Ligand SMILES: Cc1cc2nc3c(=O)[nH]c(=O)nc-3n(C[C@H](O)[C@H](O)[C@H](O)COP(=O)(O)OP(=O)(O)OC[C@H]3O[C@@H](n4cnc5c(N)ncnc54)[C@H](O)[C@@H]3O)c2cc1C
């Protein structure tokens with residue numbers, strides 16, 4: 001990753017040494033962004049049983065969808081270890097058994113507000129536990145928004161997703177140098193998985209509010225590639241879809257690895273980096289771009305077929321769990337994006 005601007009973060013950094021914003025920030029709302037999808041899972045399992053001639057379970061009433069008798073379903077389907085069917089059944093079971101909510105938009109207010117730049121994070125302390133969270137709202141928004149993924153065995157997130165309006169948080173920061181470049185004619189490409197999109201929500205809102213998507217009277221293209229498992233794991237999907245519908249120069253490309261198990265998902269399903277490659281102009285790839293990436297560049301994307309990205313005129317921002325985010329950086333570099341224009345934030 002020579003030349004790439006890497007901004008590592010240490011989860012354990014002494015939170016107390018960061019500037020105090022407020023000891024009494026008030027939670028104003030905690031809204032689930034995902035949905036309960038038990039009925040969808042039950043339908044998908046019934047379809048699987050039917051397709052494997054196990055529909056007698058459905059007819060005899062031996063299989064009740066509420067709750068799903070997973071050991072019985074697994075015994076009936078008897079999927080071979082490592083098979084597509086096994087992966088499907090496991091994924092459906094994970095989805096059915098996961099806690100709800102799994103993804104929330106948490107907003108808080110501080111007396112007098114505070115200044116930050118899009119892309120920065122704050123450290124939240126609640127019940128004596130501190131963790132960093134990227135700010136998902138624009139600096140101009142009234143309340144500050146965070147997109148929080150519930151880590152079931154985690155220390156802080158189970159408490160945060162359960163917080164009520166009025167709860168008080170200690171907020172420190174703002175921190176981080178994962179910031180937008182100065183405006184230029186370059187296209188902006190955001191790559192994220194899951195809540196890694198939080199700083200991009202702030203950056204995108206701000207970019208459009210401030211007209212930073214226009215440079216010397218020319219519109220720049222703004223792309224967001226966002227990878228998740230299920231459709232309702234996409235944070236802020238409605239806002240991104242609205243931008244996409246309203247603005248010629250905004251392109252929202254969700255890529256969902258498991259959604260087709262639950263609905264007729266006809267969008268992208270590959271890893272974020274492979275999806276990105278489908279939208280890159282094959283003829284503009286660096287000469288030594290890896291063959292695997294070239295193969296994806298030769299494929300047709302699902303949407304926006306007439307639009308192609310040129311690595312030499314892109315600035316790229318990648319965010320998410322560290323291994324994935326740094327992997328995306330490698331891909332950007334290997335297709336010819338200049339290291340000066342690649343920025344990354346890892347969530348540890
Ligand atoms: C700069 C920065 C910004 C961040 N911004 C966000 C954000 O916007 N939204 C957000 O949800 N998180 C964000 N994180 C991660 C966050 O700080 C916590 O690590 C996370 O919320 C888990 O906290 P916890 O106390 O519940 O779990 P912990 O008790 O800290 O961890 C329990 C275990 O879960 C693992 N784990 C941590 N995060 C995840 C995850 N997302 N998925 C699966 N396993 C995980 C840990 O590695 C650990 O093994 C950010 C991290 C950094 C460094």
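Computed from the coordinates by the stated procedures, all read-outs in this text should not be read as laboratory data. Since the structure is predicted, the reported quantities are computational estimates derived from the model, not experimental observations. Glycine gets a Cβ as well: all are built from the backbone with ideal geometry, and neighbour counts include every protein chain shown.
Below, the figures for the structure above:
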{"quantity": "Ranking of 24, 275 by count of other Cβ atoms within 10 Å, fewest first", "calculated": "24, 275"}
{"quantity": "Extension gain, residue 312 back to residue 266 (0.36 nm per residue minus Cα-Cα distance, nm)", "calculated": "13.5 nm"}
{"quantity": "Part-to-part distance (alpha-carbon centres) for the stretch 42-67 and the stretch 226-251, which is given in Å", "calculated": "34 Å"}
{"quantity": "Listed peptides 99-106, 49-56, 187-194, 249-256 by packing density, highest first (mean Cβ within 10 Å)", "calculated": "187-194, 249-256, 99-106, 49-56"}
{"quantity": "Euclidean distance between Cα centres, the stretch 154-168 to the stretch 331-348, Å", "calculated": "33 Å"}
{"quantity": "Most to least packed among 118-126, 133-141 [average Cβ atoms within 10 Å]", "calculated": "118-126, 133-141"}
{"quantity": "For the stretch 50-147: rounded, prolate or oblate by the Cα gyration tensor [a/c cutoff 1.5]", "calculated": "prolate"}
{"quantity": "Contour minus Cα-Cα distance for residue 185 and residue 47 (0.36 nm per residue)", "calculated": "44.7 nm"}
{"quantity": "Rounded to 5, percent antiparallel among DSSP beta bridges of the chain", "calculated": "50 percent"}
{"quantity": "Cα gyration tensor, the chain - rounded (a/c under 1.5), prolate or oblate", "calculated": "oblate"}
